[in-house]
1. If you roll a 1.4 angstrom probe over the protein chains with everything in place, what fraction of the accessible area of the chain belongs to carbon and sulfur, to the nearest %?
2. What is the Cα radius of gyration of region 1-71 over 2.2 N^0.38 Å, N being its residue count?
3. Taking amide hydrogens as modeled 1.01 Å from N in the peptide plane, which residues meet the under 5 Å criterion relative to THR97, leaving out close sequence neighbours?
4. Which whole-Hz ³J(HN,Hα) couplings does region 44-60 yield from phi under the Karplus relation 6.51 cos²θ - 1.76 cosθ + 1.60, θ = phi - 60°, glycine and proline marked x?
5. Distance from the Cα centre of region 1-16 to that of region 60-81, in angstrom?
6. Tell me, what is the Rg over Rh of region 81-225, with Rh the Kirkwood radius over Cα pairs?
7. Mean residue ellipticity at 222 nm from the helices of the chain, using -39,500 (n - 2.57) per DSSP H segment of n ≥ 4 over the full residue count, to the nearest 500 deg cm²/dmol?
8. Any idea what log10 I(q)/I(0) is at q = 0.11, 0.14, 0.18, 0.21 Å⁻¹ for region 1-131, Debye with uniform C-alpha scatterers and no solvent?
Amino acid sequence: MTFHKARDDDETANLIWNDSAVQHEKIAELRNYQRINHFPGMGEICRKDCLARNMAKMIKSQPQEYSFIPKTWIFPAECTQFQNYVKELKRKRKQKTFIVKPANGAMGHGISLIRNCEKLPVQDHFIVQEYLDKPFLMEGYKFDLRFYILVTSCDPLRVFLYNDGLVRMGTEKYHTPNESNLNQLYMHLTNYSVNKHNENFERDETVDKGSKRSIGWFTEFLRINDYDVAKFWGDVSELVVKTLIVAEPHVLHAYRMCRPGQPPGSASVCFEVLGFDIILDRKLKPWLLEN
């Protein structure tokens, strides 16, 4: 596009790319011709604890529409509710597996699976989620899908879903969680940053082999095996839109605070590329893991 790289301290650049969240003052100071790659307020769906808190509100008011999030508790605040849930399971003689994640972690750091819920530290800040133990498998391996979303405006909300992305596979054959395999993270976690350390990790430059493949390839796999591809993409699109509806009031309010006096519909100085991590259950229903 005939752009050239400016100095990092150049205040006049057309496009500013930041690897971390952007200060609100920075957005407020931008000239109308400039673009920056973050919206203020998007952390409301990009931090695991914020996503869980905001989704809980939607589940309360629209349970039918927001049934694509595994049950989640934020610790330490919701520790009692979680303990009550586990007691109720015991009373029904049921046992479930839970996944514990740092509230603002990334790349699989600090994730563990538990079945014995008494062992959880009560004071730490993390989230606990019901583990989806019946995932759709590929060649016997668990996998998740990374979809890429481009948000170009929040006023009105304008969202694009890219028609390709990544299939990220575990590197040990999947078995339903039990006491003996809970620590086998290469089986239960699909994060690339975890699985690349396994000797079974298959690096392959093609899109249809190895531990990392393309969603384009996966879509073709579904078509060949007589799955409903249109429904699959429709379900993913719906999940994406409903998740962004959760972020929209926060983002819109923060954006208007940064850019007061801009009429609705005027060109946005912000855009954002989001990665949605989605897992499919046995029935091919998409579940949102995180953004």
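1. Working: 8510 of 16260 Å².
The C+S portion of the solvent-accessible surface of the chain is 52 percent.
2. Numbers: Rg = 17.7 Å, N = 71, 2.2 N^0.38 = 11.1 Å.
Compactness ratio reported: 1.59.
3. TYR131
4. Karplus values, whole Hz, x for Gly and Pro: 4, 10, 9, 9, 4, 6, 5, 4, 4, 5, 5, 5, 4, 5, 5, 5, 5.
5. 43 Å
6. Using Cα coordinates only, the ratio equals 1.03.
7. Numbers: 8 runs with 85 residues, N = 291.
So the calculated ellipticity at 222 nm is -8500 deg cm²/dmol.
8. The calculated log intensity ratios at q = 0.11, 0.14, 0.18, 0.21 Å⁻¹ are -0.57, -0.76, -1.01, -1.23.
The values are calculated or read from the model by the stated rules, or taken from the named source; none is laboratory data. Since the structure is predicted, the reported quantities are computational estimates derived from the model, not experimental observations. So basically every Cβ, Gly included, is an ideal-geometry build from the backbone, and we count neighbours across all protein chains shown. For accessibility, only protein heavy atoms count, side chains too; no ligands or nucleic acids. Shrake-Rupley method; radii C 1.70, N 1.55, O 1.52, S 1.80 Å.
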